[in-house]
Amino acid sequence: MDQYTPALRPDILVVDDYTDALDVWAIMLGTAGFDVRTAATGPEALHQVKTRVPDLIVMDLLLPGLSGLDVARELRSHDDTRHVPLIAVTGCSSDAELALARQSGFASILRKPCEPPELVDEIRRLLLLKPGPKPAGVPG
């Protein structure tokens, strides 16, 4: 059941170059009570963020155009986006790559294949921890 009213649903941007994954995540997160936008490349993700800063971003690390690491660094370099929680959902498994993700600004890293309830729980956890006013629909 949707725990948010439609006008108060947190805005989530999902970034992955695998379009089937984007479709699945959009449906699953929408069902969980989030408004979902998608992007398939690093530059497209930055464009989406410039259009409207999301409450949280779920992003693959390996993207065409700009990597997820590069997108994260760019977001962290601007006052209006440095606070946006970032979740990496990635097939990368080396400790060095995962450490780079943390250094680039990802608050959380989930490995593919990621179970939908795990991602939903992590999104909700990070939205509650987000400093400042809570996104619409998030208690706290």
Consider L119 carefully, then state whether it is within 14 Å of I12 (Cα to Cα), not in a loop (DSSP other than H, G, I, E, B) and not β-branched (V, I, T).
yes
Working only within the stretch 75-103, note down all residues that are within 22 Å of T51 (Cβ to Cβ) and assigned to a helix (DSSP H, G or I).
L75, R76
Among residues of the stretch 104-116 being in a strand (DSSP E or B) and aliphatic (A, V, I, L, M), the residue surrounded by the fewest Cβ atoms within 10 Å (Cβ to Cβ) is L110
Among D70, D11, the single one that is surrounded by 14 or more Cβ atoms within 10 Å (Cβ to Cβ), within 19 Å of E122 (Cα to Cα) and among the acidic types (D, E) is D11
Residues of the stretch 1-25 being hydrophobic (A, V, I, L, M, F, W, C), under 22 Å from V84 (Cα atoms) and either assigned to a loop (DSSP other than H, G, I, E, B) or at pLDDT 95 or above (or both), in sequence order, are I12, L13, V14, V15
Leading residue by the ranking (nearest to C114 (Cα to Cα)) among those in the stretch 31-74 that are assigned to a strand (DSSP E or B) and not β-branched (V, I, T)
M59
Looking at (1) closer than 11 Å to I12 by Cα; (2) out of contact with any helix residue (DSSP H, G or I) (no Cβ under 6 Å at 6 or more places or on another chain), can you tell me which one T38 breaks?
(2)
For the stretch 42-64, the count of residues that are surrounded by fewer than 19 Cβ atoms within 10 Å (Cβ to Cβ), free of Cβ contacts under 8 Å to residues at least 40 places away in the same chain and under 23 Å from S93 (Cβ atoms) equals 0
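The values are calculated or read from the model by the stated rules, or taken from the named source; none is laboratory data. Since the structure is predicted, the reported quantities are computational estimates derived from the model, not experimental observations. As a convention, Cβ positions derive from the backbone with ideal geometry for all residues, glycine included, and neighbour counts pool all protein chains shown.
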